[in-house]
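Asks: This is the structure I want to talk about, given as structure tokens.
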Amino acid sequence: MKRLLTFFFFICTATISVVANNGVKGNVIDLTCTVIDPRPTPVTRAPQVMPIVSVEGNTLFLNNSFFQDIVVQIQDNQGNIVYYVNVPYGINSIAIPTSVSDGEYQLFLKTSTQIYEGTLILQ
């Protein structure tokens with residue numbers, strides 16, 4: 001029985017790791033989430049699936065992570081907005097203009113109920 005459980009655990013782990021990385025291009029950006037929806041919910045601690053967002057060169061990949069329109073905002077270290085765009089549902093990548101030079105920026109992905117924030121490094 002122990003061998004059978006170990007076998008199924010191995011198969012599940014291998015399958016999940018292959019599915020999780022399927023189609024992700026570039027460097028994955030670690031995101032944090034802030035909920036901005038003021039409506040009270042009966043569940044106080046619901047699990048949150050974090051979107052998979054990655055960057056390669058000056059292209060930001062959303063990897064089918066959002067099921068609604070979002071706003072992408074990029075700020076420099078002084079808090080100045082250097083790029084802002086509304087992204088309709090279904091768009092999976094956006095080109096960051098070359099006027100945004102290489103460096104470290106704050107990335108904000110805003111939905112109607114949440115704000116995802118992470119560090120964007122352009123190279």
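Asks: Hey, among the residues in segment 109-123 that are of a type in the set (S, T, N, Q) and part of a strand (DSSP E or B), which one's nearest to V55 (Cα to Cα)?
Replies: Taking segment 109-123 first, the residues of a type in the set (S, T, N, Q) are 111-114, 119, 123.
So of that shortlist, the ones also part of a strand (DSSP E or B) come out as 114, 119.
Values: Q114: 21, T119: 11 Å.
If we take residues in segment 109-123 being of a type in the set (S, T, N, Q) and part of a strand (DSSP E or B), then T119 is nearest to V55 (Cα to Cα).
Asks: Also, I was wondering about something else. Give me the pairs, please: first residue somewhere in segment 82-95 and of a type in the set (S, T, Y), second residue anywhere and open to solvent by 50 Å² or more (accessible area, probe 1.4 Å), beta-carbon distance under 7 Å, and either six or more positions apart or on two chains.
Replies: Y89/F67; Y89/Q68; Y89/D69
So that you can scan it fast, the table gives a plain yes or no per residue for (1) open to solvent by 40 Å² or more (accessible area, probe 1.4 Å); (2) among the hydroxyl-bearing types (S, T, Y); (3) within 15 Å of I29 (Cα to Cα):
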{"position": "D69", "(1), (2), (3)": "yes, no, no"}
{"position": "I74", "(1), (2), (3)": "no, no, yes"}
{"position": "N77", "(1), (2), (3)": "yes, no, no"}
{"position": "Y84", "(1), (2), (3)": "yes, yes, no"}
{"position": "Y89", "(1), (2), (3)": "yes, yes, no"}
{"position": "P97", "(1), (2), (3)": "yes, no, no"}
{"position": "D102", "(1), (2), (3)": "yes, no, no"}
{"position": "F108", "(1), (2), (3)": "no, no, yes"}
{"position": "I115", "(1), (2), (3)": "yes, no, yes"}
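The values are calculated or read from the model by the stated rules, or taken from the named source; none is laboratory data. Just so you know, these numbers come straight off a predicted model, no measurement behind them. Reconstructed Cβ throughout: ideal geometry from the backbone, glycine too, with neighbour counts over all protein chains shown. These area figures cover heavy atoms from the full protein model, side chains too; ligands, DNA and RNA do not enter into them. Shrake-Rupley method; radii C 1.70, N 1.55, O 1.52, S 1.80 Å.
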